[in-house]
1. For residue A:127, all conditions in the list (1) touching a residue at least 60 places away in the same chain (Cβ under 8 Å); (2) within 18 Å of residue A:234 (Cα to Cα) hold save one; what is the number of the exception?
2. Got a sec? Which helices (runs of 4 or more DSSP H) wholly within the stretch C:205-297 have at least 2 residues that are open to solvent by less than 50 Å² (accessible area, probe 1.4 Å) and within 14 Å of residue C:19 (Cα to Cα)?
3. Could we say that residue C:257 is more than 13 Å from chain A (Cβ to nearest Cβ) and in contact (Cβ under 8 Å) with a residue 60 or more places away in the chain here?
4. When residues of the stretch B:64-93 are filtered for being assigned to a loop (DSSP other than H, G, I, E, B) and out of contact with any strand residue (DSSP E or B) (no Cβ under 8 Å at 6 or more places or on another chain), how many remain?
5. How about the stretch B:151-257: which strands (runs of 3 or more DSSP E) wholly inside it have at least 3 residues that are under 26 Å from residue B:3 (Cβ atoms) and of a type outside the set (A, V, I, L, M, F, W, C)?
6. Do the conditions hold for residue A:169, that is, is it within 30 Å of residue C:235 (Cα to Cα), of a type in the set (Ser, Thr, Tyr) and either surrounded by fewer than 16 Cβ atoms within 10 Å (Cβ to Cβ) or under 20 Å from the mean Cα position of the chain (by Cα) (or both)?
7. Which residues, counting only those in the stretch A:152-166, are open to solvent by 10 Å² or more (accessible area, probe 1.4 Å), over 17 Å from residue A:95 (Cβ atoms) and not in a strand (DSSP E or B)?
8. Just give me the residues in the stretch A:301-337 being in a loop (DSSP other than H, G, I, E, B) and away from chain C (no Cβ under 13 Å), in sequence order.
Amino acid sequence: MAAKRNLYLTLVAITVVAILLWFAQENLNPYYQRILTLSAIYSMFAVTFNLIFGYTGQFSLGHAGFAAVGAYVTALLTMSPAQKVANFFLQPIVPFLRDVELPFLPALLIGGFVTVLVSLIVGVPALRLRGDYLAIATLGFSEIIRVLLVNLQPLTNGALGLKGIPSNTNLLYAWGMLGFCVFVCKRLVDSSYGRAMKSVRDDEVAAEALGVNLFKHKILAYIVSSFFAGIAGGLLANLISTIDPKVFYYTLAYQIVGITVMGGMGSLTGSIISASLYTIFLELLRPIESQINIGSLQIPGIPGMRMVIFSVLLLVVILFYRKGLMGDTEFTWDALFRFLRKPKGRNDQEGKVA
Amino acid sequence: MAVLLQLDHLVKKFGGIVAINDFSTILHQGELCALIGPNGSGKTTIFNVITGIYTPTSGQVHFNNEDISGIKPDQITGRGIARTFQNIRLFKGLDVLGNVMLGMHIHIASNVAEAIIRTPRYNLEEKVMHTSGMELLDALGLADFAHAEPTSLPYGKQRKLEIARALATKPQLLLLDEPAAGMSPSDAEELMDFITSVMQKFDLTIFLIEHQMRVVMGICPRIIVIDHGEIIAEGTPEEIQNNNRVIEAYLGVETHA
Amino acid sequence: MTFEAFMQNLMNGVSLGSLYAMIAIGYTMVYGILRLINFAHGDLVMLGAYWVFYGVAIFQLPWWVTFPIAILLTTLVGIIIERSAYKPLRNYPRINLFAAAVGVSFLLENLAIVIFGGRPKAFSRPGFLDSQIKIGNVTLVSYTLIIIVTAIILCALLIYIINRTKVGMAMRAISKDLETTSLMGININHIITIAFAIGSALAAAGGILWAVKFPQLNPLMGMAPGLKAFIAAVLGGIGNVWGAMIGGLLLGVVEIMLVALFPTMAGYRDAFAYAILILLLLFKPTGIMGEVQAEKV
């Protein structure tokens with residue numbers, strides 16, 4: 001049976017990837033490890049945004065805020081009391097937060113839950129309406145979160161941010177969490193609830209006339225989305241080990257929109273590929289932003305150029321190649337076999353064109 | 001026969017415009033009733049009020065002796081009223097079978113967590129949805145297209161798919177909004193036969209909007225004619241055909257068109 | 001609060017509100033016609049301010065030359081954005097249009113970082129905007145009054161265009177029903193471009209005056225006034241030009257008064273507008289002047 005074969009193939013693939021990750025963690029140089037880890041984190045951002053935008057049709061721009069809440073909660077829960085006391089020298093930290101210190105995994109999950117709770121403050125009023133206010137409300141949410149991060153000194157250390165967050169995030173954690181996130185999202189969109197989410201995206205009036213409770217399915221996607229975005233934020237904090245409110249500027253949400261649209265709205269595979277390519281290219285293109293010396297010749301770098309390239313690419317995709325990398329198709333074993341089975345015909349065709 | 005739907009003095013105003021004015025009627029179980037009238041006479045508005053898309057300015061909608069005016073569309077569908085749309089509104093992101101299975105989503109008992117974990121109960125429900133979805137498609141002659149994109153179907157089949165999708169919600173009352181719009185007279189006639197056969201097969205009550213009177217003359221025992229949101233005539237096809245007000249208001253417009 | 005302090009705060013609030021109003025009008029016009037939240041609108045505010053900065057600082061032009069040129073250039077950018085990024089997507093699902101708006105906004109901001117530099121720049125006010133005016137016991141900086149006066153003139157002009165000219169009539173018709181209007185033989189593309197042009201010009205004027213009031217420029221400076229102006233537009237009833245003006249004024253005055261009355265809340269001033277938005281969505285999503293729009297089914 002093809003279904004059984006595919007299941008075995010998937011299990012084998014997961015095992016192989018796990019072994020590779022473990023091997024990479026032991027042997028790969030830390031710089032490459034960091035890029036791969038970042039790829040997983042950005043993939044989580046893109047997958048979660050795809051769930052609410054690509055599958056449910058709701059333009060939620062709150063990812064910077066979600067990531068911020070997840071990052072701060074996870075960071076504060078994993079830092080040692082001594083570290084926290086050292087950080088909060090302007091105003092002491094609230095005693096409860098000072099004393100608590102949790103292992104990484106529970107801290108991440110709590111970060112995810114807190115993100116959901118906080119995000120519901122804007123999600124509930126905005127998603128109840130049939131309209132476009134969600135984008136503004138969630139963008140505003142990110143701004144509120146930033147204002148709060150700056151002003152709630154005893155909770156967040158204000159503009160100074162948090163330093164010395166333990167570097168808990170590694171390849172296995174990041175890709176493991178991404179795997180969990182993709183598993184949940186994929187199962188969700190392939191279920192009856194996923195069909196309802198897509199119907200809301202395609203036509204709200206028709207969906208409602210067929211008995212789909214719009215609010216329930218929008219909020220469902222929103223909750224799952226913000227939960228994993230919060231976890232991704234937590235992973236990010238424990239990777240870069242220093243965070244402050246500026247890390248979570250709203251442009252982070254714009255980047256995530258770009259990554260997701262380029263990967264294909266409605267394709268989780270596309271989101272992951274796109275996020276990984278994004279992270280890698282951002283690293284490869286780093287030289288154009290710094291000064292290059294060739295002998296005595298100095299070519300000045302152009303700071304910010306990478307993002308210009310990225311946003312131009314994004315607009316090109318939106319205007320001329322709306323499907324992005326993957327359209328709304330996913331990687332499947334069957335598609336892979338179909339692809340492998342007829343590379344010859346493909347070559348022939350290419351030959352003809354050439 | 002039992003009263004299924006009762007509309008009591010319905011009024012719907014948009015700003016200063018009165019779209020429906022004091023509309024009252026009763027539909028009995030098993031009835032097939034047509035609502036006709038010239039363009040812009042308020043036909044679809046009446047459907048939108050019944051299905052909860054609009055809240056009536058005044059008046060009530062009773063369904064199975066329960067006042068459903070002002071409750072949300074999805075809840076009304078849950079009570080047993082399904083509809084189709086004048087301008088076909090299929091879900092492009094779902095295949096033909098998916099469109100029908102979506103109609104069954106309203107009856108799912110498993111919660112989201114069960115759906116994600118794929119508990120035996122959820123798997124069973126999904127399987128039942130799949131089989132009955134296929135049965136429904138088969139009954140309406142769409143089984144061959146189960147995995148096609150809905151927009152790839154020919155026009156007439158898209159209309160049938162919309163009916164199939166509405167039937168999937170297991171309604172008692174089916175509202176059809178100009179099901180024969182844009183069809184040739186012979187296709188329209190075939191569709192009307194199809195509708196009567198569906199009605200018997202699924203034990204339905206049908207309320208249908210039609211723009212052209214001759215399409216419904218043959219199959220609907222009762223016809224309501226409205227103009228400017230008001231009932232101007234009601235009765236058997238013969239009575240309607242010989243009604244002077246109808247000829248004046250309705251056929252008069254028709255000859256100009 | 002003494003009467004003088006109250007008046008001073010009030011005038012401050014009105015001038016801030018006038019800025020919100022000017023920016024909000026562009027949002028509301030575009031939304032009324034295309035149902036698009038033009039995320040790039042705030043970036044036009046930023047562009048307007050930067051053009052003036054360069055005109056004065058680099059080219060040493062007098063302000064009365066720079067201001068109109070800056071407005072013209074920004075209007076041009078607005079028209080280019082509409083023609084190249086929004087028009088091709090008009091018949092696609094609106095979600096594509098939204099993504100395009102985000103893309104344009106992102107591009108403008110990143111270009112600004114590369115071209116203008118990421119570091120904040122100090123904006124120097126022309127002298128006539130910086131003098132003290134004394135009315136009774138109330139001392140005001142002249143720009144406070146000039147912002148208000150400019151806003152009143154521009155809004156009056158706009159109201160005249162919308163209510164008294166053929167273009168304005170076409171705009172109102174399009175915002176009621178785009179399809180039907182196009183059947184009436186009105187050149188939709190033309191009207192939409194004009195709406196973008198007017199909106200962009202007002203955003204530029206708003207941006208220049210914003211820089212006069214808050215004389216520090218940075219490439220992301222347009223976002224906060226943009227978002228708040230949008231909230232002002234929602235507050236007034238989105239799609240309604242009068243609503244945008246009233247919403248803007250209200251938001252400006254309340255923001256300033258709140259900080260004046262509760263100085264400890266000053267840090268939260270920027271979160272206040274968003275709190276209003278959330279309350280608005282909960283209790284009166286149509287805004288002050290908004291009418292309930294029945295969706296066509």
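1. Exception for residue A:127: condition (2).
2. Values: elements: C:223-236, C:241-261, C:269-283.
Because the criterion is at least 2 residues that are open to solvent by less than 50 Å² (accessible area, probe 1.4 Å) and within 14 Å of residue C:19 (Cα to Cα), the helices (runs of 4 or more DSSP H) in the stretch C:205-297 that meet it are C:223-236, C:241-261.
3. So residue C:257 passes the test.
4. Start the filter on the stretch B:64-93 by keeping residues that are assigned to a loop (DSSP other than H, G, I, E, B), which leaves B:64-65, B:68-72, B:80, B:84-93.
So of that shortlist, the ones also out of contact with any strand residue (DSSP E or B) (no Cβ under 8 Å at 6 or more places or on another chain) come out as B:70-72, B:87-93.
Count: 10.
5. Numbers: elements: B:173-177, B:205-210, B:222-227, B:230-235.
Result: B:230-235.
6. no
7. Correct list: A:159, A:160, A:164, A:166.
8. Filtering the stretch A:301-337 for residues in a loop (DSSP other than H, G, I, E, B) gives A:301-304, A:321-332.
Hits for the stretch A:301-337 are A:325, A:326, A:327, A:329, A:330, A:331, A:332.
The values are calculated or read from the model by the stated rules, or taken from the named source; none is laboratory data. Everything numeric here is computed off the predicted structure, so don't read it as measured data. Virtual Cβ from ideal backbone geometry, glycine too; neighbours counted across all protein chains shown. To get the accessible areas, we keep the full protein, side chains included, count just its heavy atoms, and leave off ligands, DNA and RNA. Shrake-Rupley method; radii C 1.70, N 1.55, O 1.52, S 1.80 Å.
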